[in-house]
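Working notes for the structure below.
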Amino acid sequence: MSDREPVMLDGASLTPEDVAAVARDGRTVAIADAAREAVRESRERVEDVLDSDEAVYGLNTGFGQLVTERIPESDREQLQTNLVRSHASGVGRELEPEEVRAMLLTRINALVKGYSGVREVVIDHLVRMLNRGVHPVVRSQGSLGASGDLAPLAHQALVLLGEGEAEVDGERLDGEAALAQAGLEPLSLAAKEGLALINGTQLTVGLGALCVVDAERALRGADVAGSLTTEVSMGTTAACDPAIQDVRPHSGQAASARNVRTLTADSDIVESHRNCDRVQDAYSIRCLPQVHGAARDAVSHLREAVEIELNSATDNPLVFAGSAVDDRASGTESAGVLSGGNFHGAPLALRLDYATNALTDLAAIAERRVDRLLNPNLQEEHLPPFLTPESGVRSGYMIAQYSAAALVNESRSLGSPSTDNTPVSGGQEDHVSMSTQSALNARTAVGNALTVVGIELLCGAQAMEFVDDALDPGTGTGAAYGALREHVPPLDADRPLHDEIEVATELVAAGRLDETIERALDEPLA
């Protein structure tokens, strides 16, 4: 695990960048003192309600269609255990460690807001699991995004009971043995705790947070790759003039146009044909700000929802101070318990599908630019077919464009899960969000977009080899070219391309291209 300062969890300030740091880089977490106090106060309210013996959903009743069943005190612990066991019914591939860590982190942060009624020991167990690298084995399918991500969260919670399975340092262990690796004993769940652990949108929002970080890198990478393509295809940056953006002031469009101008500043290549006869470039170059910008706005819309959801209470019911609710709440004078629908994933699902569509279009326009660099019927005269000398004998980057086209096709086939609905739980849960599938699809779309951007970077760098050596690229595009050439030499003979496609993709996905550009420009890209 990381030796950097832990991410402080207070239920109010978690960011997508924090999620990525914990999920991917091993950052540890700690709980703010005020959040601990909120957890204790919330549990005291639960105990107050239990002492009153009033029937309250989630505390001393059944669940779903069995909500009218009153549960005697002697069975309440067993009820919570049964709930976790029965809901651990997921299927499909196992989640990757970073996906599990994102879900575990976001579940902790939701619980420490102090509206879920769990004991502090539950929080401490979850924190220790996360910090010691105890990663429950969780299946990726089975959540409908209402009531939250029940099945995945149940698989996660099962390990708290000493059941299920977890991976620790690459070794697969049963739940009890995994807890022992972290110096923990299995927990017995008290009233409300099983429901609080499995009811919420944490797989969806955890994946959504990772998507936001990755998508923003893909967007900046696409601006870099598109700028490089503009240069090496002798395109103009006039379409990025601020005057054009000012009369159609979408913020994303303005940001991408500004990035292109910044990246190509001081470019001899651009200046070399300022007064040429070409009037306009193809749409994939000329409309870069509009298309990239629209994708930026979609991802920004997703970020807004993710940042809110990361710091929200999303289980059901929620426990409030008695004075904070009206007399329709269940509970006592000091504790008000309200059933609602904060577990419903619609606020995320709809925006995740929107982002998936936007990232698909981002990949599509990048693939079109790749074709313009390779295609002998479209490319500029100074470029050889498929960017290789002796074309015909050699295929150059021809098949890289096939891969880009295949990825675009996959993204286009993903659909919109949020528009689907299948009633469950005897019709009680008659409208669900399918938010987890939306998040998984968004993960696929952003991965595909990153790879297509990586392919465009490769082709742009190769095209640079055929530009007059006396003409320097822009400061930013030159830095991007140099960063790629540190790992990938020019293509002077046919070779397998899969490794260098992965290298170029990782350059964007890991944020190293961002860092290189920032150093070269002394400022980050928008």
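Descriptive notes on the structure:
- Karplus-based coupling profile of the stretch 172-184, in residue order and whole Hz: 8, 10, 5, x, 5, 5, 5, 4, 4, 4, 9, x, 10, with θ = phi - 60° in 6.51 cos²θ - 1.76 cosθ + 1.60 and x standing for Gly or Pro.
- Take 194-206, 302-314 and order them by the average number of nearby Cβ atoms within 10 Å per residue, most first; the result is 194-206, 302-314.
- A protection proxy built from the mean count of other Cβ atoms within 10 Å ranks the segments 146-152, 280-286, 398-404, 252-258, most packed first, as 146-152, 252-258, 398-404, 280-286.
- Euclidean distance of C-alpha centroids, the stretch 416-454 and the stretch 196-238, integer Å: 18
- Gain upon complete extension [Glu523, Glu486; 0.36 nm per residue less C-alpha separation]: 11.1 nm
- Taking label positions 7 Å along the Cα-Cβ direction at both Ser323 and Ala282, the computed distance is 6.8 nm, reported to one decimal.
- Förster radius 41 Å - calculated FRET efficiency between Ser251 and Glu44 (Cβ-Cβ, nearest 0.05): 0.35
- Isotropically averaged projected area of the chain, using the convex hull of Cα atoms (one quarter of hull area), nm²: 26.6
- Residues of the stretch 173-213 with amide N under 19 Å of the 7 Å Cα→Cβ point at Ile308: 200-213
- For a modelled paramagnetic label at Asp51, 7 Å from Cα along Cα-to-Cβ, the residues of the stretch 321-351 in reach, with backbone nitrogen under 17 Å, are 321-323, 331-337.
- A DSSP coil position with no more than 16 other Cβ atoms inside 10 Å describes none of the GluC sites (Glu not before Pro) in the stretch 1-44.
- Spatial separation of Cα centroids for the stretch 278-326 and the stretch 82-116, in angstrom: 23
- Annotation: peptides 387-394, 340-347, ranked by per-residue average of other Cβ atoms within 10 Å with the highest first, follow the order 340-347, 387-394.
- Between Leu378 and Arg172, the simple label model (points 7 Å from Cα in the Cβ direction) yields a spacing of 4.5 nm.
- Largest first, the extents of the alpha carbon coordinates of the stretch 7-127 on the three principal axes equal 45, 39, 19 Å.
- Glu502-Asn275 FRET efficiency (beta carbon distance; Förster radius 51 Å; 0.05 resolution): 0.80
- Here the Karplus curve 6.51 cos²θ - 1.76 cosθ + 1.60, taken at θ = phi - 60°, turns the phi angles of the stretch 82-92 into couplings of 4, 4, 5, 4, 5, 8, 7, 10, x, 9, x Hz, with x standing for Gly and Pro.
- Sites listed here are trypsin sites (Lys or Arg not before Pro) in the stretch 23-79 whose DSSP assignment is loop and whose Cβ has at most 13 other Cβ atoms within 10 Å, and the list is empty.
- Rounded FRET efficiency, nearest 0.05, which uses the C-beta distance separating Glu73 from Gln181 and R0 of 30 Å: 0.30
- Kirkwood analysis of the Cα pair distances in the stretch 328-424 returns a hydrodynamic radius of 17.8 Å.
- Estimated from helical segments only, the mean residue ellipticity of the chain at 222 nm is -17000 deg cm²/dmol, where each DSSP H run of four or more residues counts as -39500 (n - 2.57).
- For the stretch 6-22, 3J(HN,Hα) computed residue by residue from phi via the Karplus equation (6.51, -1.76, 1.60; θ = phi - 60°) reads x, 6, 8, 9, 10, x, 9, 10, 5, 10, x, 5, 4, 4, 4, 5, 6 Hz, glycine and proline entered as x.
- Under the combined filter of DSSP loop state and at most 16 neighbouring Cβ atoms within 10 Å, the stretch 409-504 retains these GluC sites (Glu not before Pro): Glu486.
Each reported figure results from applying straightforward, stated rules to the coordinates on display, with no laboratory input. Values in this document were obtained by computation on a predicted structure and should not be read as measured data. Because the Cβ atoms are built from the backbone with ideal geometry, glycine has one as well, and the counts that use them run over all protein chains shown.
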